[in-house]
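Notes follow once the structure below has been shown.
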Amino acid sequence: MSDEILDLLGNWIEALGATMDAIAESKQLVGQKQSGLQIGVIGNGIQGVGNVFQAIANEEDHYIAIGNWIQSAGTSANSFSEKQQLFQEIIKTNGKEIEVYGDILQVIGSFYASIGRLDDNPKLVIGNLIQALGAAIEAIGASYFVNEEDSIGQKYETVGSWLQAIGASYQAVGASRLYLNNHMEEL
């Protein structure tokens, strides 16, 4: 598989995972915590796989590769946090503290990857920056949970997760356009 196809696939996988996580946060917002956490574990895991594919496909561009590895670490931390909350293996506050750190890693990774994409396509940069904003809002929401303000925290996490889904989808569309522009003659 070529690096271009791996990158394209990684972008769409990341968008799928981010959208699943946004649905999970929305379910939690309306009181369906258990099913929301279950979907969130899977969605964050899928998002991380998409980031890994992008990191591998872009290993020559250190900004994109390192940014995606950092994002993958962040989504992995979020998936772990939600799994812990789901099975109540640790107390609620510690689970949310892990999620704050995961979201912060996603902010850093998204921003870092956007630097490497400045020459590629504006949609890729904008998508990464929207994801960074969404992850920052999610981190704020998770910090409200740490301070036992669950209602407001869930609202922030839901808004942030949808921003991440929008950013990842926007980025995937940009990656698709870039791929098609580079291969129009072959089609």
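The values are calculated or read from the model by the stated rules, or taken from the named source; none is laboratory data. Predicted, not measured: the structure shown is a model, and the values here were computed from it. All Cβ positions, glycine included, derive from the backbone under ideal geometry; neighbour counts span all protein chains shown.
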Go over the candidates SER161, SER151 one by one and state the one that is within 12 Å of the chain's Cα centre (by Cα) and under 30 Å from TYR101 (Cα atoms).
SER161
Residue hits (the range 41-81; buried (at least 20 other Cβ atoms within 10 Å of the Cβ) and over 14 Å from the mean Cα position of the chain (by Cα)) are ALA57, ASN58, ILE64, SER81
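When residues of the range 1-19 are filtered for being under 9 Å from ILE46 (Cβ atoms) and surrounded by fewer than 21 Cβ atoms within 10 Å (Cβ to Cβ), how many remain? Steps first, please.
The first filter runs over the range 1-19 and keeps only residues under 9 Å from ILE46 (Cβ atoms), leaving 13-14, 16-18.
Cutting the leftovers down to surrounded by fewer than 21 Cβ atoms within 10 Å (Cβ to Cβ) gives us 16.
Within the range 1-19, residues that are under 9 Å from ILE46 (Cβ atoms) and surrounded by fewer than 21 Cβ atoms within 10 Å (Cβ to Cβ) number 1.
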Here is a check on your reading of the model: is GLU99 charged (D, E, K, R) and in a helix (DSSP H, G or I)?
yes
Is it true that THR93 is among the β-branched types (Val, Ile, Thr), modelled with pLDDT of 95 or more and either under 17 Å from SER114 (Cβ atoms) or surrounded by fewer than 24 Cβ atoms within 10 Å (Cβ to Cβ) (or both)?
no
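Restricting attention to the range 151-165, and to residues there that are among the polar types (S, T, N, Q) and either buried (at least 18 other Cβ atoms within 10 Å of the Cβ) or touching a Phe, Trp or Tyr at 6+ places or on another chain (Cβ under 6 Å) (or both), which single residue is nearest to ARG117 (Cα to Cα)? Write out each step before concluding.
To start, the set of residues in the range 151-165 that are among the polar types (S, T, N, Q) comprises 151, 154, 158, 161, 164.
If we keep only those that are either buried (at least 18 other Cβ atoms within 10 Å of the Cβ) or touching a Phe, Trp or Tyr at 6+ places or on another chain (Cβ under 6 Å) (or both) too, we end up with 154, 158, 161, 164.
Values: GLN154: 32, THR158: 27, SER161: 22, GLN164: 17 Å.
Only one residue fits best here, namely GLN164.
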One residue is enough: does the range 110-120 have a residue meeting the conditions under 28 Å from VAL146 (Cα atoms), in contact with a Phe, Trp or Tyr (Cβ under 8 Å, 6 or more places away or on another chain), touching a residue at least 40 places away in the same chain (Cβ under 8 Å) and of a type in the set (Val, Ile, Thr)?
no
Any residue in the range 166-184 that is over 11 Å from GLU4 (Cβ atoms) and surrounded by 15 or more Cβ atoms within 10 Å (Cβ to Cβ) sitting within a Cβ distance under 6 Å of a residue that is among the acidic types (Asp, Glu) and at pLDDT 90 or above? List the pairs, counting only those 6 or more apart or interchain.
ALA168/GLU14
Report the residue count in the range 151-187 for those that are over 17 Å from VAL125 (Cα atoms), at pLDDT 90 or above and in contact with a helix residue (DSSP H, G or I) (Cβ under 9 Å, 6 or more places away or on another chain).
12
In the range 121-138, residue nearest to THR158 (Cα to Cα) [restricted to those that are of a type in the set (S, T, N, Q) and part of a helix (DSSP H, G or I)]
GLN131
Got at least one residue in the range 112-120 being among the hydroxyl-bearing types (Ser, Thr, Tyr), at pLDDT below 95, crowded, with 18+ Cβ neighbours inside 10 Å and in a helix (DSSP H, G or I)?
yes
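Which residue out of SER35, SER26 is under 11 Å from ALA165 (Cβ atoms), surrounded by fewer than 23 Cβ atoms within 10 Å (Cβ to Cβ) and not β-branched (Val, Ile, Thr)? I'd like the intermediate steps shown before the answer.
Values: SER35 fails: under 11 Å from ALA165 (Cβ atoms).
Being under 11 Å from ALA165 (Cβ atoms), surrounded by fewer than 23 Cβ atoms within 10 Å (Cβ to Cβ) and not β-branched (Val, Ile, Thr) holds for just one of SER35, SER26, which is SER26.
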